[in-house]
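Here's the structure we're looking at; comments come further down.
The values are calculated or read from the model by the stated rules, or taken from the named source; none is laboratory data. Since the model is a prediction, treat every value here as computed from it, not as a measurement. FYI the Cβ positions are ideal-geometry reconstructions off the backbone, even for glycines, and counts take in every protein chain you see.
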Amino acid sequence: MKKRAWLIYDVLGAERNKNYIQMHIDEGKKMQIAFQFLYAEKMGMVFQNGESQVVYDGKIIEKPDFAICRTIQPRLSFLMEEAGIRVWNPAIVSAYANDKAKTCAFYAKQGIPTVTTTAYSNGWFREHLHTLEEGCVIKAVAGHGGSQVFRYQKGNEAEILQGIGNAEVIVQPYIKGKNQDLRVYVIGKEIIGAVLRTAQSGFKSNFSLGGKVAWYQLQPLEKALVEKIISYFPFGYVGIDFIIDENGACILNEIEDVVGARMLYQVADINVLQRYFSFILEQEMGV
């Protein structure tokens, strides 16, 4: 039976990902999924007398069988779930994965190796940045793609404050190593691949910032660590990022909710969307 689904992006994200949006639509057709593309900015919810409706561009629209939310808006995912719409990733995943402080706090409590993390309010941080230890790494809690990550040195305060803006922040020690990190791609409870990223310059290894990528075969202990991380949340499709320390050990860094697949496509012949949609359809059937 054909399924109706929403594919949701914000305006800027949609402009950057036109090809990936079309890939969703084309792959969906092959699998009997009819995607309706929606802009997050035009969506609204009405809750009244035990009923809920979705408003799009000022008009009530029919709810789908499920939605794939490709914008970093945990509140929108939560409201859709409250309206009875199944969302991928689920709202709880979006809430934790898009807040680096929440991610580190939760997993540190579970005994997962994490980078020592201090969370600060924006106000305190702006006033006391100059007191932090030189060389520490500063991140906006909801930053994405490495764009709001800085290494503090005396004299670059203005650059950091401008880049962080009004965001809440976390501060972490700089982890010595080879300026490498590891992204593990996960669908549901299944590891579908891992990519090692190496910074070409500086300390940030993000592919979008010019990092070099290579396929990586997880070792048994690394695989067990990933499986433990996966066990706590109902993931749909996420990327789990680790920093590689100077001893070659994996330390959990963050989890990407709106994760792309460009790196994986560079190093492996894996149809990520086909596997993701198959997983979603299995969940729809209660498998």
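Name the residues in segment 223-275 that are under 25 Å from ILE33 (Cα atoms), buried (at least 21 other Cβ atoms within 10 Å of the Cβ) and aromatic (Phe, Trp, Tyr), would you? Hits for segment 223-275 are PHE235, TYR237. Within segment 78-91, the residues that satisfy the criterion of being assigned to a helix (DSSP H, G or I), buried (at least 17 other Cβ atoms within 10 Å of the Cβ) and touching a residue at least 24 places away in the same chain (Cβ under 8 Å) are LEU79, MET80. Checking each residue in segment 35-62 for being on the phi > 0 side of the Ramachandran plot and either among the aromatic types (Phe, Trp, Tyr) or within 28 Å of the chain's Cα centre (by Cα) (or both) picks out only ASP57.
On the given criteria, is GLN172 closer than 24 Å to ALA249 by Cβ, without any contact (Cβ under 8 Å) to a residue 60 or more places away in the chain and of a type outside the set (Phe, Trp, Tyr)? Don't jump to the end; show me each part of the working.
Details: closer than 24 Å to ALA249 by Cβ: yes; without any contact (Cβ under 8 Å) to a residue 60 or more places away in the chain: yes; of a type outside the set (Phe, Trp, Tyr): yes.
In short, yes.
Would you check if PHE106 is modelled with pLDDT of 95 or more, outside the structural domain of PHE242 (by TED's automatic domain parsing) and over 23 Å from ALA142 (Cα atoms)? When the stated conditions are applied, PHE106 does not pass them. Of the strands (runs of 3 or more DSSP E) that lie entirely inside segment 118-194, those containing 1 or more residues that are among the hydrophobic types (A, V, I, L, M, F, W, C), out of contact with any Cys (no Cβ under 7 Å at 6 or more places or on another chain) and farther than 20 Å from ALA261 by Cβ span 118-120, 137-140, 149-151, 169-172.
State whether the residues of segment 11-18 include one that is exposed (fewer than 15 other Cβ atoms within 10 Å of the Cβ) and part of a strand (DSSP E or B). Within segment 11-18, not a single residue is exposed (fewer than 15 other Cβ atoms within 10 Å of the Cβ) and part of a strand (DSSP E or B).
Please work out which residue is farthest from GLY239 (Cα to Cα), limiting yourself to segment 94-141 and to residues that are surrounded by fewer than 15 Cβ atoms within 10 Å (Cβ to Cβ) and among the small types (Gly, Ala, Ser). So the residue we want is GLY123.
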